[in-house]
1. So, M1, is that one closer than 26 Å to S223 by Cβ and either surrounded by 24 or more Cβ atoms within 10 Å (Cβ to Cβ) or modelled with pLDDT under 95 (or both) or not?
2. Give all pairs with beta carbons closer than 9 Å in which a residue from the range 222-242 that is in contact (Cβ under 8 Å) with a residue 24 or more places away in the chain meets a residue that is part of a loop (DSSP other than H, G, I, E, B) and of a type in the set (A, V, I, L, M, F, W, C); count only pairs at least 6 apart in sequence or on separate chains.
3. Take the range 194-210 and flag every residue that is hydrophobic (A, V, I, L, M, F, W, C) and farther than 22 Å from E255 by Cα.
4. Touching a helix residue (DSSP H, G or I) at 6+ places or on another chain (Cβ under 8 Å), in contact (Cβ under 8 Å) with a residue 40 or more places away in the chain and polar (S, T, N, Q): is that true of T154 in this structure?
5. Select, from K11, K65, the only residue that is basic (K, R) and away from ligand 2 (no atom under 16 Å from the Cβ).
6. A28 versus (1) more than 27 Å from V172 (Cα to Cα); (2) in a helix (DSSP H, G or I); (3) within 16 Å of ligand 1 (Cβ to nearest atom): which is the lone unmet condition?
7. For residues that are assigned to a helix (DSSP H, G or I) and closer than 15 Å to A158 by Cβ, scanning just the range 202-225, find the one that is nearest to ligand 1 (Cβ to nearest atom).
8. Output yes when any residue across the range 191-210 is of a type in the set (V, I, T) and at pLDDT 95 or above, and no when none is.
Amino acid sequence: MTRIIAIAMQKGGVGKTTTTINLAAALAEQGQRVLAVDLDPQCNLTQHCGFDPDNISPSIYDALKAEVDGLQSNVAESIYETDEAFHLLPAQPELSLIEVALINTLSRERVLATVLESITPWYDFILIDCNPSLGLLVINALTAATSVLIPIQTEYLAARGAFMILSSIETVRRKKLNPNLKVEGILLTMADTRTILTKDVQEAIRQQYGDGIRIFEPLIKRSVRFGESAAAGLSILAYDSSSQGAEAYRQVAREILKGGKNG
Ligand SMILES: Nc1ncnc2c1ncn2[C@@H]1O[C@H](COP(=O)(O)OP(=O)(O)OP(=O)(O)O)[C@@H](O)[C@H]1O
Ligand SMILES: [Mg+2]
């Protein structure tokens, strides 16, 4: 069974894209067949994987556009090999037009799920990098996914933001768009471990959500290596394989492979 994980959080800059590429690399390193999907018109994942979003076509945009227009979509044409052991379904900036086009589309929440259907059996994991909103593209990701991974920036009051994405997940379940959608877990990102605050935030999140939701054991610490690897168009595993950041994402991948508390 393919696991389709949406990396989603409506707040911007919390580490969704960084988590998508590095988790893709870590799962691939552990022998999994992985596809990373850029579902954000900002195209950061596409760029982070070393591609130029202004010069990449076909992309996820073409596949979704065909589906919206009632045409046969051939999403396989939009899959690219990266320099690493996972595949990429990239985005181009025109993807922003899809969000508008979806509004008047029949079964508008299910367009991505339909597009991914034919290629799903090729992979063990499909990771979807979402844009920072709770708009229709994100709802499409939540409808297509088997689970959601929620990155939260390790800072004061950060836990509040989790409430909104969790309630969108609940809506998607309740409206029967995806009744079995699970929460893969909460990942604390950009932690500054020199401060006591980090421990407080970690504790607050465990208290608030830890009963029903897995809080991943490793914290992703703040490191300049992440920005450097993005600029180099590589995952941190490829850029600096023995770094703390690479090791942390390997650990998250192992926890995901083990399964565990998610619901
Ligand atoms: N652990 C980290 N330490 C330091 N910098 C990080 C870390 N994780 C991510 N970054 C950097 O922070 C910025 C935001 O991260 P990222 O793009 O992954 O967030 P995002 O949630 O995808 O943002 P958006 O909501 O805009 O899509 C990037 O420049 C990234 O390189
Ligand atoms: Mg992003």
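1. Taking the combined requirement at face value, the residue does not satisfy it.
2. From residues that are in contact (Cβ under 8 Å) with a residue 24 or more places away in the chain, the pairs are R222/M190; F226/M190; F226/I220; G233/C49; G233/F51; L234/C49; S235/C49; S235/F86.
3. So the first thing to find is which residues in the range 194-210 are hydrophobic (A, V, I, L, M, F, W, C), and the list is 196-197, 201, 204-205.
Result: I196, L197.
4. For T154, the condition - touching a helix residue (DSSP H, G or I) at 6+ places or on another chain (Cβ under 8 Å), in contact (Cβ under 8 Å) with a residue 40 or more places away in the chain and polar (S, T, N, Q) - is met.
5. Exactly one of K11, K65 is basic (K, R) and away from ligand 2 (no atom under 16 Å from the Cβ), namely K65.
6. Condition (3) is where A28 drops out.
7. To start, the set of residues in the range 202-225 that are assigned to a helix (DSSP H, G or I) comprises 202-209, 224-225.
Narrowing the set further to residues that are closer than 15 Å to A158 by Cβ leaves 202-209.
On the way: Q202: 15, E203: 20, A204: 19, I205: 16, R206: 20, Q207: 23, Q208: 21, Y209: 19 Å.
Among those that are assigned to a helix (DSSP H, G or I) and closer than 15 Å to A158 by Cβ, it is Q202.
8. no
The values are calculated or read from the model by the stated rules, or taken from the named source; none is laboratory data. For clarity, every value in this text was computed on a predicted model and none was experimentally measured. Virtual Cβ from ideal backbone geometry, glycine too; neighbours counted across all protein chains shown.
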